[in-house]
Amino acid sequence: MCGIIGGTGLDEVLPVLVEGLRRLEYRGYDSAGVALADGGSIWRVRVANGTNSVAELAGVARPPSKGSRAGIAHTRWATHGRPSVENAHPHLDCTGRIALVHNGIVENHLSLAEALTDRGHVLQSATDTEVLVHLIEEEVARGLALVEAVRSVLATVRGSLAIAVISADDPETIVAARRATPLIVGLRDHAAFLASDIPALLGQTRQLYVLDDDEVAELRPGALRVLTLAGAEVEPRALEVAWSLESAQKGGFDDFMSKEIREQPDAVANTLLDRLGPDGSLAFDDAELSAEELRSVDKVCIIACGSSHHAAMVAKYAVEHWARLPVEVDIASEFRYRDPVLDARTLAVGVSQSGETLDTLVAMREARNSGARLIAVSNVVDSSMAREAQAALYTHAGPEVGVAATKTFLAQLVALELLALMLAEVRGTLSHAEVSGWLSKLHEVPGLVREAIRRSEDVDAVAKALADARDFFYLGRHVGFPVALEGALKLKELAYLRAEGYPAGELKHGPIALIEPGAVVVAVATRNRLWEKLCSNVQEVASRGATVVVIADDGDHETAALADHVLWVPHADPLISPLVDVVPLQLLAYRLARLHGHDPDRPRNLAKVVTVE
Ligand code: F6R
């Protein structure tokens, strides 16, 4: 987690860094800080003000007098050491002449810190990061140039890192390095940049490059040199970016979440674009996986976390129904540590908006090491997961800045349904005409989602009526179950309300004991094959005093009669309905968050990209 940014060769470096931090806030905001190489010394400002850290930094940081042209900055999601000014980055070495920012975790920091203390260093923070700057200090004291010092230190540390370092002795140089945590670099005329993510640099340059693991970059005004850990110079890998700067900004909405919910029809439509290969069959974006290999698959294993895991659960129904293949869906952090049975006939699919979630990335590596074929479903082109996999299926949702997944969730659903159709096509479980029929239905989804969003005021009215409720239960069956889980997750993370998602049939095995007057039950009650059974479950909770909200197909008054409140959605085929049914649940969580006074873009304790275990 955390976001880092750096720039050199700039006449006004501070505003560029602060603006970049604003675009990286989705990665964490417990504290923020900036350091500039300022004519012979390091100038630094750090603040820790919860969700307002970057705004406060922007308010208090005034550029130093001596006209610095290079600097680094950081926005933090705390892992080691509580959120505080002392623990905020950039960290300085003992001389105060080297500054460093870090995203990731130094796993062997305790032993390194002990050894540094024995050698006379004074560590000022409780972070795992600070050891890095002291280790670099020692290498520089031995006479190494900054870039060599960083290379040498990388060999001694374990864990994940994206770092950027400046030194007062070489004030226009920034050294950056990456291992298992994203880092991009960019060039423009007489300037050079680095950042954790693309939106932070879009206002500066489109000439972007990705660093690979254990590569070290030396950035000077207008110049970039990339070295391997062994010191060999390598050509940096250019990055194609289709995103506009505007698409990474709020575009007139109050917050990113509102904007991103409204962008969902486009996210779905773009993910469906250009999917037919030259022979008319469905195709991946990047693939080293032949139709033959796909045909040989006898099991699918989908690995993901959070909302991506819910999308994976929906995919299970689609793959099993259309492609007639057994599907296991795993939470990545669990999958890594069990002993899954995989082989060359297993298709492992990693699903991740960011393509960087550490648990999913490592789980994918495990799957590949066990011989499985590997596909990544990611919203970021060339993300770590896309590079790990043999084939990538990109969700073309554009940048998602709001911490809670919305448009990327819908784009994942549609990408996974495409994957299910692809498998059905190569296996012959659906005819070409049937696949085309389903594709036509998927192409209707943007219109259905647009219609569901248009009804946001109806959702606002229901949210108002529920403003005092504290306990929510989300119920669904069949594909409605993962939708219920997603609705509950959105409510928890945005409105900080207790919300549980259950398969409705499971209620009677325990959770129904919690139902009493005051509890709210939100049932995903659009018509799938278990609709009648779900309605019985809804009656069971209604008769115990719960307030019932149903998501119902337009015109389905039979379902509406069971509820206190109805959120109508346009009808979609059951296997496609999650794409539509989840929209009012996103809007409900958004509105309840607002009614409770919470910022939906920056829920507490969360970060957008989770690169820690
Ligand atoms: C919830 C949410 C998270 C992510 C999860 C996985 O709104 O956004 O639960 O879905 O952290 O992230 P990715 O998809 O980047 O692997």
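Any read-out appearing in this document is the output of simple, stated calculations on the displayed coordinates, not a laboratory observation. The structure displayed is predicted, hence computed values, not measured ones. Methodologically, a virtual Cβ is constructed for each residue, glycine included, from the backbone with ideal geometry; neighbour enumeration extends over all protein chains shown.
What to note about this one:
- All-pairs alpha carbon distance profile, segment 3-249, 10 Å steps from 0, percent: 8, 36, 40, 15, 1, 0
- Within the chain, percent of DSSP bridges classed antiparallel, to nearest 5: 65
- Note on segment 15-72: with charges restricted to the Cβ of Lys and Arg (+1) and Asp and Glu (-1), its dipole about the Cα centre is near 160 debye.
- Between Arg604 and Asp189, the FRET efficiency from the beta-carbon distance, with R0 = 35 Å, is close to 0.30.
- ³J(HN,Hα) computed for each position of segment 207-223 - Karplus, 6.51 cos²θ - 1.76 cosθ + 1.60, integer Hz, glycine/proline x: 8, 10, 9, 9, 8, 8, 4, 6, 9, 10, 10, 10, 9, 10, x, x, 9
- Volume per residue that the Cα convex hull of the chain spans, once the total is divided by residue count, Å³: 151
- Electrostatic dipole magnitude of segment 455-595 [Cβ: Lys, Arg +1; Asp, Glu -1; Cα centre; debye, to 20]: 340
- Charge dipole of the chain about the Cα centre (unit charges at C-beta), most positive-ward option of Ala78, His565, Val34: His565
- Segment 299-344, relative contact order in percent, only Cα pairs under 8 angstrom and at least six apart counted: 46
- Where trypsin sites (Lys or Arg not before Pro) fall in DSSP loop in segment 325-354, at most 10 other Cβ within 10 Å: Arg338
- Among residues other than Asp30 with Cβ under 14 Å from its Cβ, the summed charge is +4 (Lys and Arg +1, Asp and Glu -1).
- Under-5 Å amide H pairs with Glu215, H placed in peptide plane, nonlocal only: Arg178
- Charge dipole (Cα centre; +1 on Lys/Arg Cβ, -1 on Asp/Glu Cβ; no other charges) of the chain amounts to roughly 680 debye.
- Taken one residue at a time, the phi angles of segment 142-153 give Karplus couplings (6.51, -1.76, 1.60, θ = phi - 60°) of 7, x, 6, 5, 4, 5, 6, 4, 5, 4, 5, 5 Hz. Gly and Pro are set to x.
- Exposure proxy ranking, count of Cβ atoms within 10 Å, fewest first, for Ile453, Ile303, Ile174: Ile453, Ile174, Ile303
- Taking other Cβ atoms within 10 Å as a rough exposure proxy, Asp189, Asp382 sort from fewest to most as Asp189, Asp382.
- Of the chymotrypsin sites (Phe, Trp or Tyr not before Pro) found in segment 332-428, those that fall in a DSSP loop while having at most 13 other beta-carbon atoms within 10 Å are Tyr337.
- Residue-by-residue Karplus 3J(HN,Hα) for segment 162-179, coefficients 6.51, -1.76, 1.60, Hz, glycine and proline x: 10, 10, 9, 10, 10, 9, 5, 7, 9, x, 10, 10, 10, 10, 10, 8, 9, 8
- FRET efficiency estimate (nearest 0.05) - Cβ-Cβ, Arg206 to Glu233, R0 22 angstrom: 0.40
- Taking other C-beta atoms within 10 Å as the exposure proxy, Leu592, Leu507, Leu514, Leu442 rank Leu514, Leu507, Leu442, Leu592 from fewest upward.
- Sites Arg158 and Ala469 - FRET efficiency at Förster radius 41 Å, r taken between beta-carbons, to 0.05: 0.30
- Measuring between alpha carbons in the structure, the pairs from Lys250/Lys608; Lys441/Lys533; Lys259/Lys533; Lys250/Lys490 lying more than 28 angstrom apart are Lys259/Lys533.
- For segment 1-100, the set of GluC sites (Glu not before Pro) satisfying both a DSSP loop assignment and a count of at most 13 other C-beta atoms within 10 Å is given as Glu12.
- Think of it as helices only: each DSSP H run of n ≥ 4 in the chain is worth -39500 (n - 2.57), and spread over all residues that comes to -10000 deg cm²/dmol at 222 nm.
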